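Worksheet: the structure to be examined is printed underneath.
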There are 2 protein chains.
Amino acid sequence: MRLKPEHHLAFFYARTGFLHNIKPIERQTLHLKIVDRLREMIEHGDIAPGAKLIEKDLCESFAVSRTPMREAIRALAAEGLVVLTPNRGACVATITEAQILESFLVIGALEGLAGELAAPRITEAQLDDVRSMHTSMLERHAANDLDGYYIYNRQIHDAIFEIADNELLKEMRRIVFNRTIRLRFIARIADDEWQVAIKEHEEMIVALEARDGPQLGAILRRHLESKRVQIARWLQRQPSA
Amino acid sequence: MRLKPEHHLAFFYARTGFLHNIKPIERQTLHLKIVDRLREMIEHGDIAPGAKLIEKDLCESFAVSRTPMREAIRALAAEGLVVLTPNRGACVATITEAQILESFLVIGALEGLAGELAAPRITEAQLDDVRSMHTSMLERHAANDLDGYYIYNRQIHDAIFEIADNELLKEMRRIVFNRTIRLRFIARIADDEWQVAIKEHEEMIVALEARDGPQLGAILRRHLESKRVQIARWLQRQPSA
DNA sequence: GAGCTTAATTTTGTATACATTATTCTGTAA
DNA sequence: TTACAGAATAATGTATACAAAATTAAGCTC
């Protein structure tokens with residue numbers, strides 16, 4: 001049966017257990033290092049959404065005591081990557097279909113602003129870089145290499161945020177991404193949607209060359225709206241669970 | 001001498017010290033309660049930007065041990081309200097003029113999206129509520145009551161985010177506000193700017209009545225841009241430090 | 001007194017111990 | 001078997017103890 005929007009995408013619920021092949025962590029400011037490692041593992045799906053984080057297991061896996069581990073978990077909870085329940089510990093945050101679609105609206109607003117700011121500021125050198133990424137992206141598309149395509153696609157969007165030169169804006173994007181990034185490891189684009197995305201990227205280059213902020217902002221908002229619709233369709237296609 | 005954009009608004013640097021008149025904290029899930037209290041104190045300016053958070057002092061003030069206090073500080077650091085330096089503890093985050101202006105750009109993007117989403121969704125009952133807040137706001141303006149004006153102004157903007165019905169969007173706004181809220185306790189609006197703000201609010205009501213999302217979004221982006229310019233002027237006017 | 005070196009103190013970072021709350025297991029009754 | 005009660009276990013929550021780093025103070029030279 002199909003998942004309702006209010007249902008979770010965490011299809012399985014796993015106890016953490018002892019995790020193998022974990023690099024040891026150097027002493028001092030442990031909690032920051034643990035935060036990075038746990039975030040990486042959560043984003044990469046090594047720890048499933050909804051999985052409970054058992055302090056003891058994680059401590060043994062990382063070979064640290066509970067003090068820095070708890071500090072790390074609290075920090076991740078403040079970021080929204082983990083959910084705390086009093087006296088019942090922490091779970092990896094789950095995300096509903098509705099929340100995924102919500103997040104694309106927010107990312108659209110952020111990318112739109114990034115575009116508005118970036119276009120008037122871009123230097124010739126930066127423009128060359130973006131053009132080069134764009135060319136590489138087209139090559140990956142021609143080779144039907146979706147993973148490669150995504151890498152360059154991501155580079156272009158990252159570059160726009162860099163050029164926009166607004167630290168808070170980048171930070172907000174990072175936070176939103178943190179909560180939806182797992183999806184990018186599974187969602188595949190359809191061919192016709194891919195064509196549209198390419199076309200929108202062409203328009204972005206034109207707007208950048210024209211240093212037209214409002215125009216680039218509008219294109220990016222439209223681009224993210226396309227992605228949102230694409231994800232919505234992909235979720236529709238998913239077979240159940 | 002004037003502060004350069006890269007200089008901090010934290011004009012004084014205070015050691016925490018024992019804080020008096022602190023309500024005791026009930027046991028269990030202490031760190032969450034401490035987070036709330038510390039956040040409140042930081043936002044209200046009871047602990048100055050740049051002030052170092054001495055664990056021992058804070059623990060004595062709140063009558064808790066270092067464990068939950070450290071967890072709380074780590075959580076606040078993840079929110080960006082506090083800055084950690086390895087082996088040197090935590091300071092209340094400072095904010096530069098440039099960062100303040102950056103934050104208004106981001107808030108503008110978020111409010112713009114909120115407007116786009118809210119206008120097509122608003123019910124007659126909700127519209128009546130907003131109209132009522134708007135009327136109250138106008139009254140406070142007529143009475144030259146700036147504090148009262150800000151309360152209703154805030155209510156209207158909150159209402160638009162509520163009607164937009166996007167949890168992540170609200171969360172992002174909360175995070176951005178957390179980092180700039182201290183400013184709202186000091187920045188005063190000039191009379192002509194006040195007039196402009198009122199006019200923009202009138203337009204917002206019209207767009208809401210027309211259920212015109214793009215229009216409301218545009219107005220809100222412009223409204224926040226006005227605020228940004230207003231804050232920039234206010235910062236210019238500040239006598240030095 | 002200024003500037004440096006070094007010891008004393010303070011503060012942060014980590015590990016462990018104890019208290020409290022959840023969860024699981026076991027045995028019994030229907 | 002199912003349902004429940006209560007004990008046993010395990011997990012989280014908090015406090016304290018110890019280690020390492022940073023800061024401050026003291027002493028010394030010039």
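The values are calculated or read from the model by the stated rules, or taken from the named source; none is laboratory data. Only a predicted model underlies this, so the values are computations on that prediction, with no experimental measurement involved. Neighbour counts run over all protein chains shown; Cβ positions are idealised from the backbone, glycine included. With ligands, DNA and RNA removed, areas are computed over all heavy atoms of the protein, side chains included. Shrake-Rupley method; radii C 1.70, N 1.55, O 1.52, S 1.80 Å.
Given the conditions (1) more than 7 Å from chain A (Cβ to nearest Cβ); (2) farther than 19 Å from B:Pro49 by Cβ; (3) under 20 Å from the mean Cα position of the chain (by Cα), and given that B:Val106 satisfies all but one, which numbered condition is not satisfied?
(1)
Could you please give the count of residues in the range A:117-152 that are open to solvent by 60 Å² or more (accessible area, probe 1.4 Å) and within 14 Å of another protein chain (Cβ to nearest Cβ)?
2
So, A:Val196, is that one of a type in the set (Val, Ile, Thr), away from chain B (no Cβ under 14 Å) and either crowded, with 16+ Cβ neighbours inside 10 Å or touching a strand residue (DSSP E or B) at 6+ places or on another chain (Cβ under 8 Å) (or both) or not?
On the way: of a type in the set (Val, Ile, Thr): yes; away from chain B (no Cβ under 14 Å): yes; either crowded, with 16+ Cβ neighbours inside 10 Å or touching a strand residue (DSSP E or B) at 6+ places or on another chain (Cβ under 8 Å) (or both): yes.
In short, yes.
Conditions first: (1) modelled with pLDDT under 50; (2) touching a Ser or Thr at 6+ places or on another chain (Cβ under 9 Å); (3) open to solvent by less than 90 Å² (accessible area, probe 1.4 Å). A:Glu6 passes all but one, so which condition is the exception?
With respect to (1) modelled with pLDDT under 50; (2) touching a Ser or Thr at 6+ places or on another chain (Cβ under 9 Å); (3) open to solvent by less than 90 Å² (accessible area, probe 1.4 Å), A:Glu6 is out only on (3).
Residues checked against (1) of a type in the set (D, E, K, R); (2) more than 14 Å from DNA strand C (Cβ to nearest atom); (3) in the same structural domain as B:Arg39 (by TED's automatic domain parsing); (4) in a helix (DSSP H, G or I):
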| residue | (1), (2), (3), (4) |
| --- | --- |
| B:Pro68 | no, no, yes, yes |
| B:Arg74 | yes, no, yes, yes |
| B:Ala77 | no, no, yes, yes |
| B:Leu84 | no, no, yes, no |
| B:Asn87 | no, no, yes, no |
| B:Leu101 | no, yes, no, yes |
| B:Val106 | no, yes, no, yes |
| B:Glu111 | yes, yes, no, yes |
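Output the number of the condition that A:Arg174 fails; it satisfies all remaining conditions of (1) outside any loop (DSSP other than H, G, I, E, B); (2) open to solvent by 80 Å² or more (accessible area, probe 1.4 Å); (3) in contact (Cβ under 8 Å) with a residue 12 or more places away in the chain; (4) not hydroxyl-bearing (Ser, Thr, Tyr).
Against the list (1) outside any loop (DSSP other than H, G, I, E, B); (2) open to solvent by 80 Å² or more (accessible area, probe 1.4 Å); (3) in contact (Cβ under 8 Å) with a residue 12 or more places away in the chain; (4) not hydroxyl-bearing (Ser, Thr, Tyr), A:Arg174 comes up short only on (3).
So which residues in the range A:32-59 are within 16 Å of DNA strand C (Cβ to nearest atom) and exposed (fewer than 15 other Cβ atoms within 10 Å of the Cβ), if there are any at all?
Here is the first cut: in the range A:32-59, the ones within 16 Å of DNA strand C (Cβ to nearest atom) are A:32-38, A:50-59.
Within the range A:32-59, A:Asp36, A:Lys56 qualify.
Rundown of residues vs (1) in a helix (DSSP H, G or I); (2) of a type outside the set (Phe, Trp, Tyr); (3) more than 23 Å from the chain's Cα centre (by Cα), yes/no style:
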| residue | (1), (2), (3) |
| --- | --- |
| A:Val196 | yes, yes, no |
| A:Arg211 | no, yes, yes |
| A:Gln215 | yes, yes, yes |
| A:Leu220 | yes, yes, no |
| A:Glu225 | yes, yes, no |
| A:Arg228 | yes, yes, no |
| A:Leu235 | yes, yes, no |
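Residue by residue through the range A:76-86, note down the ones that are within 9 Å of chain B (Cβ to nearest Cβ) and under 22 Å from B:Asn166 (Cα atoms). Reasoning before the result, please.
As a first pass, look at the range A:76-86 and keep what is within 9 Å of chain B (Cβ to nearest Cβ): A:76-80, A:84, A:86.
Scanning the range A:76-86 gives A:Leu76, A:Ala77, A:Ala78, A:Glu79, A:Gly80, A:Leu84.
Out of the residues in the range B:87-103 meeting the condition of being within 11 Å of another protein chain (Cβ to nearest Cβ) and over 17 Å from B:Gln236 (Cβ atoms), tell me which one is surrounded by the most Cβ atoms within 10 Å (Cβ to Cβ). If you could, list the steps in order and put the result at the bottom.
Start the filter on the range B:87-103 by keeping residues that are within 11 Å of another protein chain (Cβ to nearest Cβ), which leaves B:87-88, B:95-96, B:98-103.
Remaining after also requiring over 17 Å from B:Gln236 (Cβ atoms): B:87-88, B:103.
Details: B:Asn87: 7, B:Arg88: 8, B:Ser103: 23.
Within the range B:87-103, the match that is surrounded by the most Cβ atoms within 10 Å (Cβ to Cβ) is B:Ser103.
For A:Gly112, indicate whether it is within 14 Å of another protein chain (Cβ to nearest Cβ) and either of a type in the set (Asp, Glu) or over 30 Å from A:Arg74 (Cα atoms) (or both). Full working, then the answer.
Values: within 14 Å of another protein chain (Cβ to nearest Cβ): yes; either of a type in the set (Asp, Glu) or over 30 Å from A:Arg74 (Cα atoms) (or both): yes.
Taking the combined requirement at face value, the residue satisfies it.
Report every pair of residues separated by at least 6 positions or lying on different chains whose Cβ atoms are under 7 Å apart, first residue within the range A:68-83 and closer than 16 Å to B:Gly80 by Cβ, second within 13 Å of DNA strand C (Cβ to nearest atom) and among the acidic types (Asp, Glu).
So the pair list comes out as A:Arg74/B:Glu71.
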